1. Quick one: if the Förster radius is 25 Å, what FRET efficiency do residue 22 and residue 47 give, using the C-beta to C-beta distance and rounding to 0.05?
2. What percent does the relative contact order of the stretch 14-62 come to when contacts are Cα pairs within less than 8 Å and at least six residues apart?
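No lab work stands behind these numbers, since they all come straight from the coordinates. Just so it is clear, the model here is predicted, and its values are computed rather than measured. With ideal geometry, Cβ positions are generated from the backbone for all residues, glycine too; neighbour counts draw on all protein chains shown.
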């Protein structure tokens, strides 16, 4: 089952992956995302090439810690 943040029908673009990563980071910062939800969202995000590239590209520019 897909995380609610992701579409099951359309492939994720690089730009969408960056936006999704930013949304996840905002939820982490405000502590509105449980650790298990974060793990599931990241796992789903990095399943595609665009998702993984966007995730790691955005993280490398943000220099944040995911807990």
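1. Details: r = 19 Å, r/R0 = 0.74.
Efficiency for this residue pair is about 0.85.
2. Working: 33 pairs, mean separation 28.5, N = 49.
It comes to 58 percent, rounded to a whole number.
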